[in-house]
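Structure, as structure tokens:
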Amino acid sequence: MATASLVQAGCGFSPRFSSNSNNFSFRTGSFGPLGSSTSSSCCSCSSHNLNFSSGTNSNWKHQGLIAQFMSTTTQGNFASSKSIADGKNEPDHLLVLVHGILASPSDWTYVEAELKRRLGRNFLIYASSCNTYTKTFTGIDGAGIRLADEVLQVVKKTESLKKVSFLAHSLGGLFARYAIAVLYSQNDSRGTQSNTVTNSLDGNSQKSSPSRQGMIAGLEPVSFITLATPHLGVRGRKQLPFLLGVPILEKLAPPIAPFFVGRTGKQLFLTDGKPSRPPLLLRMASDCEDRKFLSALGAFRCRIAYANVSYDYMVGWRTSSIRREKELVKPPLQSLDGYKHVVDVDYCPPVSSDGPNFPPEAVKAKEAAQNAPSIKNTVEYHELMEDNYTPFILLTEEMIQGLQKLGWKKVDVSFHSALWPFFAHNNIHVKNEWFHNAGAGVVAHVADSIKQQESSSFISASL
């Protein structure tokens, strides 16, 4: 198990923007030397395109904005180099913090201060404010577009920026995945469009070329990190844990959810699909005609999914870690050295699609009906298949296969020994410093992971 090195740094300096105004406020402080990190980089790989039919295409607006900001960013890179030569220290790495459902930027108060202290002043840490509270009910796509516009405004106002990373909690991870697809653009060395995403398994040894990998808002994408995000939605056994795994409640939840959480509820329960258009979350696991979701995600050097093993009443372990039920192996109880409650780190290389996989109970029922034909076995199998089971399982399997075409680092978190373990969903990002401080070790692990990628980026640039 890795031992974390101490990071000795003072409070950082980062401008804070408001999406509703053009005003800036700054927080200042002193800085100390940054320590080293032993957190390993995550894996990456090329993506494959899956085409689905699309509806109305609104790319024209964002493509024009992206082109404008790419030009602005190019000028900003020159300005950044000039500022360094003049002895100024302006941020060149934008880190966007995205909150979850019914939340606000204040959820990031502790994380923002801690990241400033640990990462230093070359990071501009920006907590998104465009999707606060009930705005999170308007749909993942609508919130994603608002987030993309907000990021573009930040990039426009800060000319020194060269790189971008995202850190998102819960539903915010899906907002961020949609936003990066809106912001994504890719050019080859000749300036023409290309859909090839090239990443290597080892982030340390990677010598990247942003023009080949793709850009996000005209910036080089570095880290994409989610905390307890329902990547596969919340439909299925114990994927919305506060329903306690009760079958009747899990069957009633999908049709009722839109009355409570609007359009977002339909999308999370995968009930927003049409005969000519698959559910949004399924499309977001591929490159479809209207958005390059997988290519945008694959453009990042590092993708990390933090997941609560237990005690998370909002998001299940399987959906937040992008795993199948059979892949949920009981993790160690002991925390990694220096990172309390972080119990396991799994480096998952890219996996090519090999067709749909049925869950064990469905396979068993099918084999029983075929090998020992009887009225009982046949009825049980057909009831299992006809109870809206197969369509949902196939959707989930397609999402897993799509997302696993990219490499991930999956970090398991367990608050079983915390004073308030049932606050796991809020502990994982320390929503409140007093009530959820059990997640301080997770935040430290996140900071060191980001810092490790920043170090490898500096080495690659130097080479």
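Read-outs throughout are calculated quantities, based only on the coordinates presented, and are distinct from any laboratory measurement. Keep in mind the model is a prediction, meaning the values are calculated, not measured. Ideal geometry is used to build each Cβ from the backbone, glycine not excepted, and the neighbour counts take in all protein chains shown.
Observations
- Nonlocal amide H pairs with Gly338, under 5 Å, H built at 1.01 Å: Ala4
- Proxy reagent accessibility, fewest Cβ within 10 Å first, across Glu159, Glu327, Glu150: Glu327, Glu159, Glu150
- Pairwise FRET efficiency - Asn437 versus Ile248, Cβ, R0 = 30 Å, nearest 0.05: 0.20
- Counted by neighbouring Cβ atoms within 10 Å, the residues Thr136, Thr229, Thr109 run from fewest to most as Thr109, Thr136, Thr229.
- For the listed residue pairs Lys157/Lys451; Lys292/Lys330; Lys266/Lys410, the alpha carbons are over 30 angstrom apart in Lys292/Lys330.
- Taking amide H as placed 1.01 Å from N in the peptide plane, the amide H of Gly407 sits under 5 Å from that of Ser44, Cys45, each at least 5 places away or on another chain.
- Fewest-first ranking of Phe224, Phe137, Phe422, using other Cβ atoms within 10 Å as the exposure measure: Phe422, Phe137, Phe224
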